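Taking it in order: structure first as structure tokens, then the write-up.
Rule-based calculations on the coordinates, nothing more; no lab input. Because the structure is predicted, anything quoted here is derived from the model rather than measured. Neighbour counts are summed over all protein chains in view; Cβ atoms, including those assigned to glycine, are modelled from backbone coordinates with ideal geometry.
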Amino acid sequence: MLEALGLRIMLDAGTATRVLHEARVVFLFAPNFHPAMKHVAAVRRELGTPTLMNLVGPLANPASVRHQVVGVADPDRAGIVAEALLRLGAEHALVVHGRVGMDEISPQGITDVWEVKDGAVRRWEIDPERFRLGIKDVAELRGGEPADNAARVERILGNGSGPSDPSGLAAVLLNAGAAIYVAGIANTLAEGIGRAREVVASGAARAALDRLRKATASISG
């Protein structure tokens, strides 16, 4: 999908650093930074089910981030991931599992949260209805072909043709709000979601995508 949006993702460390400085955001394609992952990628595709690599990947972020939102598909492993983040030095992180089976914050139903902060792990829940972001059917979030998904992103960010996408927007606001919260830009999740609304409504989110597209397009080779 990212490539369908016009982004180049095959970046080495030096180029990724440059893109981050220019665009203030960058996508790090794991196999480019952890060569061993190239050898297991084909096996993971053949299995078609979550493996240990789904847990290890976020813990092996090449940027050594200390603030992050990590989704897990299996709630029984969420506590393990949270404890690992704590031991790895995370300053503020959210490990999330949507009870409908999503490895992110879900706009349908409850999402369980394991919050890593101040040297401890705290459990709580997110109810999207509290933020008026609840949807009736999570199937509304189902993806399609890369080009279709890219067009959907464009619509959500306000520069695409076609009908509005309230379900997609709800998912974006919940998860972006969580990222804004753990980054320390907002003091609460509610405040983070509010900031995310403003960013999308003002066109700043769209501008960020354009900035990233421009930064990666300038890469030679």
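One table, with the values for the structure above:
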item	result
Residue among Asp118, Asp103, Asp74 with the largest mean-square fluctuation in a Gaussian network model of the chain, springs linking Cα atoms under 10 Å	Asp118
Coordinate range along principal axes, alpha carbons of the chain, Å, largest first	46, 42, 36
Segment 193-221 versus segment 117-184: alpha-carbon centroid distance in Å	16 Å
Fewest-first sequence of Val25, Val153 by Cβ atoms within 10 Å of each Cβ	Val25, Val153
Share, in percent, of DSSP beta bridges within the chain that are antiparallel, nearest 5	75 percent
Ranked Met102, Met10, criterion: other C-beta atoms within 10 Å, fewest first	Met10, Met102
Estimated distance in nm for a label pair at Asp76 and Ile9, the labels positioned 7 Å out from Cα along Cα-to-Cβ	3.0 nm
Ranked list, fewest to most other Cβ atoms within 10 Å of each Cβ, for Trp124, Trp114	Trp124, Trp114
Additional length obtainable on full extension of the chain from Glu129 to Phe29, 0.36 nm per residue less Cα span	32.6 nm
Convex hull volume of segment 104-181 per residue (C-alpha atoms, cubic angstrom)	107 Å³
Gaussian network model of the chain, springs between alpha carbon atoms under 10 Å - residue of Arg18, Arg142, Arg66 with greatest fluctuation	Arg142
